[in-house]
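Report on one structure; see the data block that follows.
The values are calculated or read from the model by the stated rules, or taken from the named source; none is laboratory data. These figures come from a predicted structure and were not determined experimentally. Methodologically, a virtual Cβ is constructed for each residue, glycine included, from the backbone with ideal geometry; neighbour enumeration extends over all protein chains shown. The protein model used for the area step is the full one, side chains on, heavy atoms only, and it has no ligands, DNA or RNA in it. Shrake-Rupley method; radii C 1.70, N 1.55, O 1.52, S 1.80 Å.
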Amino acid sequence: NRALRRLHELGAPLILQMHDALMLEVKEAEVEYWSGQLRAVMEAPVPELGGAVFPVDLKVGKSWKEV
């Protein structure tokens, strides 16, 4: 929830959340920016879990079928 709040504060164009998956819809020119933002927010250490970091599997595609 902390990561979702942070993404909302950043204005992330989140269009879908399903279980542990998030989908953003961005312009092609913004893919690199939002990929970096998403990875930074989602992989931020969690203090309550001793600073544990959860790696992100990030995929980019032009359609839902591609990802």
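A few comments on the model shown:
- Output for region 41-61, where each listed residue is touching a residue at least 12 places away in the same chain (Cβ under 8 Å) and either among the small types (G, A, S) or loosely packed, with under 10 Cβ neighbours inside 10 Å (or both): A44, P55
- Some residue of region 5-22 being at positive phi and open to solvent by 70 Å² or more (accessible area, probe 1.4 Å): yes
- Selection from region 23-36 of residues that are in a helix (DSSP H, G or I) and either closer than 14 Å to R2 by Cα or open to solvent by 90 Å² or more (accessible area, probe 1.4 Å) (or both): E28, A29, E32, Y33
- So L38, is it without any contact (Cβ under 8 Å) to a residue 40 or more places away in the chain and either closer than 17 Å to V67 by Cα or out of contact with any helix residue (DSSP H, G or I) (no Cβ under 7 Å at 6 or more places or on another chain) (or both): yes
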